[in-house]
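Sharing a structure, written as structure tokens. Questions coming.
The values are calculated or read from the model by the stated rules, or taken from the named source; none is laboratory data. In this text, all values refer to a predicted model and were calculated from it rather than measured experimentally. Every residue, glycine among them, receives a Cβ derived from its backbone with ideal geometry; neighbour counts consider all protein chains shown. Areas reflect the complete protein model, heavy atoms only, side chains present, ligands, DNA and RNA absent. Shrake-Rupley method; radii C 1.70, N 1.55, O 1.52, S 1.80 Å.
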Amino acid sequence: MENAVCFPFIDYNDNFITAQIIKYDSKGKRLKTSFSTNWFHSYKNIKNNLNLKDKYSVSINCFFGENYLRDSDNIVAIVEAPKTASILKEIYPNIDWIATAGETQIKNKNLDVLKDRRVVLFPDAKTTLWSEFANENNFYCSNILEDKSIASGEDIADHIFKTNSEVYSKLHDQLTALNEGVIDYD
């Protein structure tokens, strides 16, 4: 995991839970080879340093970035990847970006931190799980990546800088509105 990026998962009360460790290529794409993604609590070198002999597991029911929600009343945007949340927070700072660390992980998170908040989900392309989850929880769900030109599994970070993307202008219009505190969804 040398030269990997570490994304700490810190809960709403500022407790360190674990960290996702991910390796990327020179273009910022996640490597999908063996041992390119790991978790702090299960990484062998860390377990050895902490003298953890038995299998050690951690329930990761917090979002990446949820610790920043405490003193904020911004719109909350949820994405899958911590990398995407980190990038978009720099570009659209008036949105509180949090991440699940996987498509199905949204169902395992503590939603109490989202109570009485305006929440918009930005699922990766070509999935229905998040729109169903949004409907069940009275959240908004962006369908910006449902354009036929978008490949399955791409996320909004794949299009945020790509000026020739079919969704580039619409994406920035949507995010600019959210950044200004406006949710404009049917």
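Looking only at residues in the stretch 156-186 that are assigned to a loop (DSSP other than H, G, I, E, B), open to solvent by 30 Å² or more (accessible area, probe 1.4 Å) and touching a helix residue (DSSP H, G or I) at 6+ places or on another chain (Cβ under 7 Å), which one is modelled with the lowest pLDDT?
Per the criteria, the residue is ASP184.
Consider ALA77 carefully, then state whether it is open to solvent by less than 10 Å² (accessible area, probe 1.4 Å) and at pLDDT below 95. Break it down into steps so the answer makes sense when it comes.
Values: open to solvent by less than 10 Å² (accessible area, probe 1.4 Å): yes; at pLDDT below 95: no.
In short, no.
Restricting to the stretch 82-97, count the residues that are among the hydrophobic types (A, V, I, L, M, F, W, C) and open to solvent by 30 Å² or more (accessible area, probe 1.4 Å).
2
Follow-up. Can you go through THR128, THR100 and tell me which one is of a type in the set (Val, Ile, Thr) and surrounded by fewer than 16 Cβ atoms within 10 Å (Cβ to Cβ)?
THR128
Quick check on the stretch 103-125: of everything there that is of a type in the set (A, V, I, L, M) and touching a residue at least 60 places away in the same chain (Cβ under 8 Å), which residue is surrounded by the fewest Cβ atoms within 10 Å (Cβ to Cβ)?
VAL113
Take SER86 and tell me if it is over 14 Å from the mean Cα position of the chain (by Cα) and either assigned to a loop (DSSP other than H, G, I, E, B) or at pLDDT 90 or above (or both).
Numbers: over 14 Å from the mean Cα position of the chain (by Cα): no; either assigned to a loop (DSSP other than H, G, I, E, B) or at pLDDT 90 or above (or both): yes.
So SER86 fails the test.
So, one more: Residue pairs, Cβ under 7 Å, 6 or more apart or interchain, first in the stretch 18-29 and without any contact (Cβ under 8 Å) to a residue 60 or more places away in the chain, second in a loop (DSSP other than H, G, I, E, B) and exposed (fewer than 11 other Cβ atoms within 10 Å of the Cβ). List them.
LYS23/ASN3
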